[in-house]
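The block underneath contains the structure these notes are about, expressed in C-alpha cells.
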Amino acid sequence: MNRGAGVPGGLANLGDTVRVIDRDGTDLGLMIVAEAQKLASEQGAELFVIERIAKPPVVRIVVVCKARME
C-alpha cells in the first residue's frame, strides 16, 4: 500500500534519511535526502516517494519523461 506515494519532488517532511531504490530496483540503502537528490540529479532523474510512512521513508530514482505537445 503506497500511502503518500507518487509525488515527484514531494520530499518535504520525510526527515533527514531515506531508503533509496535505484532505477533498476537495486536497494542502495540509507542516504541523507540531499545525497539521494544529488545522485538522482547526476543520473538525469528525480526522486519519487514510494512509501512515505515507512521508517525511514522509501524513495526511488526515476526518469520522468515529458511528452512534447505539437
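The values are calculated or read from the model by the stated rules, or taken from the named source; none is laboratory data. The structure displayed is predicted, hence computed values, not measured ones. So basically every Cβ, Gly included, is an ideal-geometry build from the backbone, and we count neighbours across all protein chains shown. Surface accessibility is based on the protein's heavy atoms, side chains included, excluding ligands, DNA and RNA. Shrake-Rupley method; radii C 1.70, N 1.55, O 1.52, S 1.80 Å.
Here is how the numbers come out for the structure above:
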read-out: Residue count for the stretch 14-33, restricted to those that are in contact with a helix residue (DSSP H, G or I) (Cβ under 9 Å, 6 or more places away or on another chain), open to solvent by 40 Å² or more (accessible area, probe 1.4 Å), free of Cβ contacts under 8 Å to residues at least 40 places away in the same chain and in a loop (DSSP other than H, G, I, E, B); value: 1
read-out: Long-range neighbours under 8 Å by Cβ, at least six apart or interchain, first residue open to solvent by 70 Å² or more (accessible area, probe 1.4 Å) within the stretch 59-70, second part of a strand (DSSP E or B) and at pLDDT 75 or above; value: Arg60/Val20; Arg60/Ile21; Arg60/Leu47; Arg60/Phe48; Arg60/Ile50; Val63/Glu46
read-out: Residue within the stretch 34-57 that is open to solvent by 80 Å² or more (accessible area, probe 1.4 Å) and in contact with a Ser or Thr (Cβ under 7 Å, 6 or more places away or on another chain) present; value: no
read-out: Breaking point among (1) open to solvent by less than 50 Å² (accessible area, probe 1.4 Å); (2) modelled with pLDDT of 90 or more; (3) outside any strand (DSSP E or B), for Leu11; value: (2)
read-out: Matching residues in the stretch 37-58 - criterion: being without any contact (Cβ under 8 Å) to a residue 24 or more places away in the chain and either of a type in the set (A, V, I, L, M, F, W, C) or not in a loop (DSSP other than H, G, I, E, B) (or both); value: Lys38, Leu39, Ala40, Ser41, Glu42, Ala45
